[in-house]
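First comes the structure, then the notes that go with it.
The values are calculated or read from the model by the stated rules, or taken from the named source; none is laboratory data. The structure presented is a predicted model; accordingly, all values stated were derived computationally and were not measured. Every residue, glycine as well, gets a Cβ built from its backbone with ideal geometry; the counts of neighbours run over all protein chains shown. Accessible surface is based on the protein model in full, side chains and every heavy atom, while ligands, DNA and RNA are left aside. Shrake-Rupley method; radii C 1.70, N 1.55, O 1.52, S 1.80 Å.
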Amino acid sequence: TYTVANVPPATGYDLTFINGVQGETHGLEAVVDWKVADWLAFQAVYSYIDMSFELKDGVSATASSNVLTGYVENSSPQHQASLRSTIDITKAWKVNLWLRYVDDIVVINSEDILDGELALDNYFLLDANITWKITDNLEFMVAGQNLLEERQLQFASEYTTPPTAIERGFYGKVTWKF
């Protein structure tokens, strides 16, 4: 809950901020792990969320409160799913693949907050890495993220920063245990 607070009238207006919205969320998440063989394993994940919000009794409806209520309901993906695989090619080499699906969302367009909504379409993501265990104490990994698209707009912050697309990326990692 938010505390009602009066802001000093530097702008010439007395402003009061309240949490005038109430609501419910319902959802589920299911995970299935399947070890097909000693060298091959899968993990499937599905999540669902349904959100419903309305103005609290005594709060008058305004254009901004109606936009906010709709924004809250649509700002999280209703459906998400992923499939991971781990493949042990040899005792020293391992490959991991991770495919994800994210449902569409609607956010407030921070570049034009007066114009309202920005729709982000559903999308798929694929990440992969390959690991080489050189010795029991030394490991080298190369990874790629967002391999299906050159860049992917995944979220937009409300009122603070412009929407930012996540670019395809590659990196390496060396692990030395001593």
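Six or more apart or on different chains, Cβ atoms under 7 Å: show the pairs whose first residue is in the range 111-123 and under 12 Å from residue 155 (Cα atoms) and whose second is hydrophobic (A, V, I, L, M, F, W, C) and at pLDDT 85 or above.
Short answer, once both residue conditions are applied: 120/105; 122/102; 123/102.
Within the group 131, 86, 90, which residue is among the polar types (S, T, N, Q), modelled with pLDDT of 95 or more, loosely packed, with under 14 Cβ neighbours inside 10 Å and farther than 29 Å from residue 156 by Cα?
90
Do any residues in the range 141-154 that are at negative phi have Cβ atoms under 6 Å from those of residues that are surrounded by fewer than 15 Cβ atoms within 10 Å (Cβ to Cβ) and assigned to a loop (DSSP other than H, G, I, E, B), where the two are at least six apart or on different chains, and which pairs are they?
150/168
Please state which one of 57, 38 is modelled with pLDDT of 70 or more, open to solvent by 70 Å² or more (accessible area, probe 1.4 Å), within 30 Å of residue 95 (Cα to Cα) and of a type in the set (Asp, Glu).
On the way: 57 fails: within 30 Å of residue 95 (Cα to Cα).
Of 57, 38, the one residue that is modelled with pLDDT of 70 or more, open to solvent by 70 Å² or more (accessible area, probe 1.4 Å), within 30 Å of residue 95 (Cα to Cα) and of a type in the set (Asp, Glu) is 38.
For the range 123-156, give me each residue that is in contact with a strand residue (DSSP E or B) (Cβ under 8 Å, 6 or more places away or on another chain), of a type outside the set (D, E, K, R) and not in a strand (DSSP E or B).
Residues of the range 123-156 that are in contact with a strand residue (DSSP E or B) (Cβ under 8 Å, 6 or more places away or on another chain), as a first pass: 123-134, 137-156.
Filter once more, so that each one left must be of a type outside the set (D, E, K, R): 123-126, 128-132, 134, 137-138, 140-148, 152-156.
Answer for the range 123-156, where residues must be in contact with a strand residue (DSSP E or B) (Cβ under 8 Å, 6 or more places away or on another chain), of a type outside the set (D, E, K, R) and not in a strand (DSSP E or B): 134, 137, 146, 147, 148, 156.
Let me spell it out: the conditions are (1) modelled with pLDDT under 95; (2) surrounded by 12 or more Cβ atoms within 10 Å (Cβ to Cβ), and residue 95 meets all of them except one. Which number is the exception?
Tallying (1) modelled with pLDDT under 95; (2) surrounded by 12 or more Cβ atoms within 10 Å (Cβ to Cβ), residue 95 fails exactly one: (1).
State yes or no: is residue 62 open to solvent by 50 Å² or more (accessible area, probe 1.4 Å), polar (S, T, N, Q), at pLDDT 95 or above and out of contact with any Asp or Glu (no Cβ under 6 Å at 6 or more places or on another chain)?
no
Which residue out of 27, 23 is assigned to a strand (DSSP E or B), at pLDDT 95 or above and more than 22 Å from residue 128 (Cβ to Cβ)?
27
I'd like the full set of residues that are of a type outside the set (S, T, N, Q) and more than 24 Å from residue 105 (Cβ to Cβ), limited to the range 41-62.
Correct list: 41, 42, 56, 57, 58, 59.
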